[in-house]
Amino acid sequence: MDYLVTIGLEIHAQIQTRSKMFCGCSADYAAAPPNTHVCPVCMGLPGSLPVPNRRAIELAALTGLALNCRIASDNVISRKNYFYADLPSGYQRSQYDDPLCVNGWVDIDGDQGPKRIGLTRVHIEEDTGKLTHTADGGSLVDFNRAGVPLMEIVSEPDITSPEEARRYFQKLRQILVWIGVNSGDMESGALRCDANVSVRPAGQQAYGAKVEIKNINSFRFVERALAYEIERQVTSLRAGERIVQSTRGWDEATGTTVAQRTKEFAEDYRYFPEPDIPPLRLTEAWVAERRAELPELPDARRQRFMTDYDLTPYDATVLTDERAVSDYYEQAVAAARPRGVAPKDVANWLTGELFRLLKDSGETLVVAAQRIRPEYLAEVQELLNNGVITRTSAKEAFDAAFREGRAPAQIVAERGMAVIGAGDALTDMVRQAIADNPKVVEEYRGGKVTAIKYLIGQVMKATRGQASPQAVQQALEQELTRQ
Amino acid sequence: MALTLAEVEHVARLARLRLSPAELEKMREQLSNILDHFQMLQQIDVSTIPPTAQVTDLVNVMRDDELRPSLAREQALANAPVQQDGMFRVRAIFEE
């Protein structure tokens with residue numbers, strides 16, 4: 001029997017702010033010594049008053065707009081009550097009935113072509129502290145992360161395979177990093193995901209029992225954990241067993257999912273509106289301001305690169321993967337236009353030579369861009385287009401520009417890399433060759449036409465190979481007939 | 001409205017309270033009385049009044065994303081019954 005797979009992802013993304021969600025402590029917890037970014041608010045001390053971080057709300061709304069959501073006008077922060085040592089106040093401030101953003105979508109490459117994955121909601125909440133378990137049976141609590149602003153992005157159960165789940169997660173990361181609301185750093189936990197998965201026999205209407213896999217922190221693991229879990233559930237069903245709604249954890253070491261606590265009922269969290277935080281009322285004008293902050297998104301830019309710049313789908317994809325690279329390319333194209341250089345040629349320099357140099361040096365483009373300015377890509381192609389340099393010299397000049405941070409034109413001039421095609425320099429060398437070799441000239445004039453080959457050789461030697469033999473021959477013939 | 005003992009036990013468990021049978025019975029009576037009082041409030045017609053969880057009439061109280069000094073770690077840990085390596089030490093946490 002065939003089984004249908006239903007997957008929904010809940011993604012937790014740290015909102016990139018300087019300070020925490022409800023207090024002025026630094027949200028940069030990764031490298032800080034334990035319990036140094038804490039205050040009465042984020043340690044849940046009695047009498048402290050939480051005040052929402054305006055920027056966190058703005059960035060969460062910006063995310064909602066990027067994900068095609070509607071932004072709710074009335075927002076309530078709620079308390080989600082449960083006891084755990086990493087939660088200092090005994091409740092997590094979150095949103096329940098009134099999420100900030102609702103009804104969005106993300107377009108991905110599905111298993112059967114383009115696919116739209118629905119988004120149920122994006123809501124804001126605070127992160128918990130960090131627990132470290134000791135060998136002698138204790139747990140150590142660090143509250144630096146407590147109160148760090150998070151967004152929870154919940155998808156509809158529209159995903160039907162582990163590969164699609166990975167692609168959806170990757171697409172979401174791309175967008176979040178692109179609009180600057182999240183660092184995309186999955187290793188430090190700034191972006192992590194829980195996956196809900198169920199299977200049911202083909203033909204059955206009702207969904208199977210939902211199993212939640214917690215805390216997956218890489219694209220590879222989301223795919224592997226889901227593949228394992230689907231296999232496990234299908235095997236159980238085939239053996240006539242029942243799947244129980246439950247929570248499991250992904251165990252990297254064994255490549256399996258492991259049963260965790262049985263899921264508590266939502267009612268047990270006893271959500272109620274946070275009395276210390278007045279409602280957030282977001283006006284249409286405020287939402288319009290957020291919309292104005294929204295940059296062109298990767299999909300739209302990719303399309304534009306293909307139509308306006310004549311890029312292949314592959315190049316357009318590569319050049320819209322990362323915002324920094326994409327913006328750099330745009331700057332290079334802006335410099336290329338007035339020089340009559342085609343955006344396509346600029347793309348070739350970027351994805352070919354520059355990516356190779358970055359790979360060799362191990363740098364990011366942002367770092368290397370301080371030396372290799374975007375306009376240098378346009379400049380080197382212009383030199384090539386105008387026949388000033390050969391392709392070999394162009395690469396050499398580009399490499400030097402990358403290493404030294406100087407303009408290719410300057411490098412070409414200093415190193416005498418310019419093709420000696422015509423003009424005074426070549427004429428001088430041609431005259432010199434004629435003056436130095438009266439015998440050969442005599443033979444040529446006497447009818448031995450092939451004698452010119454020797455003269456061409458002499459001039460080429462003088463130009464150190466930076467002239468085209470055809471140009472040299474032409475110049476020689478001109479001089480020889482004139483004299 | 002009389003609560004059952006099972007309901008009281010459930011609420012006690014959520015609040016991490018360990019109650020003796022006598023205390024459970026006492027709580028059952030007291031909580032039932034409180035609920036009765038709310039039952040009375042529920043008879044008032046509020047259909048024309050929008051629900052609210054606030055009494056201050058404030059909206060949009062927010063702060064700029066600026067850093068403010070945190071506590072010194074010694075201060076943060078001052079009331080910790082047990083501490084270790086600059087952290088609060090608690091009993092091992094077992095998954096239920």
Over the range A:126-139, the set of residues in contact (Cβ under 8 Å) with a residue 40 or more places away in the chain and surrounded by fewer than 21 Cβ atoms within 10 Å (Cβ to Cβ) is A:Thr128, A:Lys130, A:Leu131, A:Ser139
- Output yes when any residue across the range A:199-220 is touching a residue at least 24 places away in the same chain (Cβ under 8 Å) and touching a Cys at 6+ places or on another chain (Cβ under 7 Å), and no when none is. yes
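For (1) more than 12 Å from every other protein chain (Cβ to nearest Cβ); (2) touching a Cys at 6+ places or on another chain (Cβ under 9 Å); (3) outside any helix (DSSP H, G or I); (4) modelled with pLDDT of 95 or more, each residue gets a yes or a no:
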| residue | (1), (2), (3), (4) |
| --- | --- |
| A:Met1 | yes, no, yes, no |
| A:Gln16 | no, no, yes, yes |
| A:Val41 | no, yes, yes, yes |
| A:Val51 | no, yes, yes, yes |
Residue count, the range B:37-51, condition outside any loop (DSSP other than H, G, I, E, B) and free of Cβ contacts under 8 Å to residues at least 12 places away in the same chain, comes to 4
Of the residues in the range B:83-96, those that are at the interface with chain A (Cβ under 8 Å from one of its Cβ atoms) and in a loop (DSSP other than H, G, I, E, B) come to B:Asp85, B:Gly86, B:Ala92, B:Ile93, B:Glu95, B:Glu96
Restricting attention to the range A:439-474, the residues that are of a type outside the set (Gly, Ala, Ser), part of a helix (DSSP H, G or I) and open to solvent by less than 80 Å² (accessible area, probe 1.4 Å) number exactly 12
- request: Return yes when B:Gln54 is within 7 Å of another protein chain (Cβ to nearest Cβ), of a type outside the set (Gly, Ala, Ser), free of Cβ contacts under 8 Å to residues at least 12 places away in the same chain and over 22 Å from A:Phe22 (Cβ atoms) and no when it is not.
  value: no
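Does A:Val102 meet the test of being open to solvent by less than 10 Å² (accessible area, probe 1.4 Å) and either outside any loop (DSSP other than H, G, I, E, B) or free of Cβ contacts under 8 Å to residues at least 24 places away in the same chain (or both)?
no
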Residue pairs within 7 Å by beta carbon, gap of at least six or interchain, first lying in the range A:268-295 and among the β-branched types (Val, Ile, Thr), second not in a loop (DSSP other than H, G, I, E, B), listed first then second, are A:Val287/A:Ala61; A:Val287/A:Ile71
Every listed condition ((1) at the interface with chain A (Cβ under 9 Å from one of its Cβ atoms); (2) in a helix (DSSP H, G or I)) holds for B:Glu66 save (2)
Residue count, the range B:12-41, condition closer than 19 Å to A:Asp268 by Cα and open to solvent by 80 Å² or more (accessible area, probe 1.4 Å), comes to 4
For A:Glu187, the lone unmet condition from (1) surrounded by fewer than 16 Cβ atoms within 10 Å (Cβ to Cβ); (2) acidic (Asp, Glu); (3) part of a strand (DSSP E or B) is (3)
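Return yes when A:Ala31 is under 26 Å from the mean Cα position of the chain (by Cα), buried (at least 24 other Cβ atoms within 10 Å of the Cβ), in the same structural domain as A:Thr160 (by TED's automatic domain parsing) and of a type in the set (Gly, Ala, Ser) and no when it is not. Even if it seems obvious, please write down each step before you answer.
Values: under 26 Å from the mean Cα position of the chain (by Cα): yes; buried (at least 24 other Cβ atoms within 10 Å of the Cβ): no; in the same structural domain as A:Thr160 (by TED's automatic domain parsing): yes; of a type in the set (Gly, Ala, Ser): yes.
Taking the combined requirement at face value, the residue does not satisfy it.
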Farther than 23 Å from A:Pro343 by Cβ, without any contact (Cβ under 8 Å) to a residue 24 or more places away in the chain and either of a type in the set (S, T, N, Q) or assigned by TED's automatic domain parsing to the domain that holds A:Val346 (or both) - does that describe any residue in the range A:449-459? yes
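Is there a residue in the range A:3-14 that is within 14 Å of chain B (Cβ to nearest Cβ), within 30 Å of A:Gly118 (Cα to Cα) and of a type outside the set (A, V, I, L, M)? Write out each step before concluding.
The initial filter retains those residues of the range A:3-14 that are within 14 Å of chain B (Cβ to nearest Cβ), namely A:14.
Of the ones still in play, those that are also within 30 Å of A:Gly118 (Cα to Cα) are A:14.
Right, trim to of a type outside the set (A, V, I, L, M) and you get A:14.
There is at least one residue in the range A:3-14 that is within 14 Å of chain B (Cβ to nearest Cβ), within 30 Å of A:Gly118 (Cα to Cα) and of a type outside the set (A, V, I, L, M).
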Within the range B:54-96, of all residues that are surrounded by 14 or more Cβ atoms within 10 Å (Cβ to Cβ) and small (Gly, Ala, Ser), the one nearest to A:Val258 (Cα to Cα) is B:Gly86
Apart from one, (1) open to solvent by 20 Å² or more (accessible area, probe 1.4 Å); (2) outside any helix (DSSP H, G or I) all hold for A:Ile389; the odd one out is (1)
Checked the range A:330-340 for anything modelled with pLDDT of 95 or more and either within 18 Å of A:Ile179 (Cβ to Cβ) or not in a helix (DSSP H, G or I) (or both); matches are A:Glu330
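Here's the yes/no breakdown for (1) away from chain B (no Cβ under 14 Å); (2) on the phi < 0 side of the Ramachandran plot:
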{"position": "A:Ala135", "(1), (2)": "no, yes"}
{"position": "A:Phe143", "(1), (2)": "no, yes"}
{"position": "A:Ala146", "(1), (2)": "no, yes"}
{"position": "A:Ile159", "(1), (2)": "yes, yes"}
{"position": "A:Phe169", "(1), (2)": "yes, yes"}
{"position": "A:Ile175", "(1), (2)": "yes, yes"}
{"position": "A:Trp178", "(1), (2)": "yes, yes"}
{"position": "A:Val181", "(1), (2)": "no, yes"}
{"position": "A:Gly189", "(1), (2)": "yes, no"}
Selection over the range A:93-133 where residues are out of contact with any Gly (no Cβ under 8 Å at 6 or more places or on another chain) and within 14 Å of another protein chain (Cβ to nearest Cβ) yields a count of 12
Pairing a residue in the range A:165-193 that is more than 14 Å from A:Ile153 (Cβ to Cβ) with any residue that is open to solvent by less than 40 Å² (accessible area, probe 1.4 Å), where Cβ atoms lie under 6 Å and the two sit 6 or more apart in sequence or on different chains, gives A:Arg166/A:Val222; A:Arg167/A:Ile108; A:Trp178/A:Pro298; A:Ser183/A:Ala190; A:Met186/A:Ser218
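Against the definition (at the interface with chain B (Cβ under 10 Å from one of its Cβ atoms), touching a residue at least 12 places away in the same chain (Cβ under 8 Å) and hydrophobic (A, V, I, L, M, F, W, C)), how does A:Phe83 come out, yes or no?
Details: at the interface with chain B (Cβ under 10 Å from one of its Cβ atoms): yes; touching a residue at least 12 places away in the same chain (Cβ under 8 Å): no; hydrophobic (A, V, I, L, M, F, W, C): yes.
Considered against the rule, which asks whether it is at the interface with chain B (Cβ under 10 Å from one of its Cβ atoms), touching a residue at least 12 places away in the same chain (Cβ under 8 Å) and hydrophobic (A, V, I, L, M, F, W, C), A:Phe83 comes out as no.
Taking the condition charged (D, E, K, R) and either facing another protein chain (nearest Cβ under 9 Å) or open to solvent by less than 50 Å² (accessible area, probe 1.4 Å) (or both), does A:Arg70 pass?
no
The values are calculated or read from the model by the stated rules, or taken from the named source; none is laboratory data. For clarity, every value in this text was computed on a predicted model and none was experimentally measured. Don't worry about glycine lacking a Cβ; one is built from the backbone with ideal geometry, like all the others, and counts go over all protein chains shown. Accessible surface areas use protein heavy atoms only, side chains included; no ligands, DNA or RNA. Shrake-Rupley method; radii C 1.70, N 1.55, O 1.52, S 1.80 Å.
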